[in-house]
Every structure is written in C-alpha cells, then in structure tokens.
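Written below as structure tokens is the structure these notes are about.
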Amino acid sequence: MEKRLSFALSFDIHPLVEGRRFILGGVEIPFALGLLGHSDGDVLLHALTDAILSAGGFPDIGSLFPDQDPQYKNKESSFFVEKALELIHEKGLRVYQADLTVILDKPKIAPYYGEIKQKIAQILRISEESISLKARTTEGLIFQSERPGVIALALVVLEKF
C-alpha cells in the first residue's frame with residue numbers, strides 16, 4: 001500500500017539584533033530589532049522550509065542553501081519555501097496542512113496573524129483554513145540575556161497528488 005501522507009516537525013531560532021528588519025512569515029512587522037540571518041532571517045519561513053524538506057525526504061535547509069553561499073545573502077525566505085515546494089512536487093507531493101507556532105516575548109504578533117496566514121497560504125498555494133498560526137511567550141524564562149530571540153516551530157503534512 002502506497003503512503004498517502006507524510007509529516008515532519010521543524011524548529012528554528014534566530015536572535016533579535018539592531019539594524020535588521022523584523023520579517024515573520026513574509027510580513028514585515030514594525031519593531032526596533034530585527035531577525036539576524038544570512039538571508040532575511042525569517043525564522044518562521046525557515047522552520048516551514050525545513051519541515052517541508054524533511055517530510056519530503058530531502059536534506060535540511062542549511063545543506064541545500066548554505067549560509068556561506070553569497071547568492072543567499074539577504075534573500076527573501078519565500079525563495080527557500082518555493083524551492084522546497086518544487087522539490088516535493090517532483091515527488092508528487094504537496095502541502096496539505098501547516099501548523100505553525102512562534103515563541104517570542106516581543107513584539108506582539110497577534111495583530112498580524114491574518115496577514116501572515118494570507119502570505120503563507122499564497123506561497124504554499126493552499127487555503128488559509130489549512131494553516132494554523134499561534135504565538136506564545138516564554139513568560140521571561142528563556143530570553144533573559146542581552147540577546148533576545150524568536151523561536152519558530154512548523155509541523156507540515158504533505159499529501160500525494
């Protein structure tokens with residue numbers, strides 16, 4: 001019997017720093033600090049990319065798109081998601097559902113949920129109803145250092161088409 005569904009959970013973390021934009025799920029959110037990264041630093045799209053790749057049986061984002069490679073410098077992270085989609089489509093797979101969690105103390109992202117879900121649905125070519133997005137704080141338990149950050153978790157279900 002052929003497997004119809006495949007799933008994977010992925011995690012990413014980026015520090016918040018001065019002099020960078022805060023981009024989450026392809027949406028720029030006004031904030032004094034931004035996400036550090038070789039690309040645009042979009043921690044949510046990085047976790048999503050990794051989950052898609054893993055569920056499709058491919059190497060991780062760092063192996064396919066090394067941060068030492070200058071062609072990825074300041075690249076929009078939607079590029080990585082779209083490349084992952086191309087790879088899974090070659091195997092007859094597509095994203096069926098995505099469950100996304102962002103863990104951060106600041107900024108509050110709830111006002112941007114709709115825009116983030118819309119952007120991710122557009123990138124994945126699925127309905128917004130197939131995407132779950134939520135945020136949690138650390139209640140001050142994790143990012144107490146001088147280097148605050150953002151954690152993203154992505155659970156993706158792929159289906160055969």
Based on this model, can you work out whether Gly41 counts as touching a residue at least 12 places away in the same chain (Cβ under 8 Å), on the phi > 0 side of the Ramachandran plot and either crowded, with 18+ Cβ neighbours inside 10 Å or not small (Gly, Ala, Ser) (or both)? yes
Of the residues in segment 1-32, how many are in contact with a strand residue (DSSP E or B) (Cβ under 6 Å, 6 or more places away or on another chain), buried (at least 19 other Cβ atoms within 10 Å of the Cβ) and of a type in the set (A, V, I, L, M)? 1
Quick one: in segment 88-117, which of the residues that are surrounded by 15 or more Cβ atoms within 10 Å (Cβ to Cβ) and out of contact with any strand residue (DSSP E or B) (no Cβ under 7 Å at 6 or more places or on another chain) is farthest from Glu28 (Cα to Cα)? Asp105
3 or more residues more than 15 Å from Leu44 (Cα to Cα) and more than 13 Å from the chain's Cα centre (by Cα): qualifying strands (runs of 3 or more DSSP E) within segment 84-161: 93-103, 149-160
Selection from segment 1-29 of residues without any contact (Cβ under 8 Å) to a residue 12 or more places away in the chain and under 21 Å from Ala135 (Cβ atoms) yields Glu28
Go through segment 59-72 residue by residue and tally those that are surrounded by 12 or more Cβ atoms within 10 Å (Cβ to Cβ) and farther than 17 Å from Asp12 by Cα. 1
Residues in segment 53-65 that are under 28 Å from Phe31 (Cβ atoms) and either out of contact with any Phe, Trp or Tyr (no Cβ under 8 Å at 6 or more places or on another chain) or not hydrophobic (A, V, I, L, M, F, W, C) (or both): how many? 2
Taking the condition of being among the hydroxyl-bearing types (Ser, Thr, Tyr) and touching a strand residue (DSSP E or B) at 6+ places or on another chain (Cβ under 8 Å), how many residues in segment 59-87 meet it? 1
Out of segment 136-161, which residues are within 18 Å of Asp12 (Cβ to Cβ) and buried (at least 19 other Cβ atoms within 10 Å of the Cβ)? Phe143, Gly149, Val150, Ile151, Ala152, Leu153, Ala154, Val156
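Coordinate-derived values only; no laboratory data. Not measured: the values here are computed from a predicted model. Cβ: placed from backbone, ideal geometry, glycine included. Neighbour counts: every protein chain shown.
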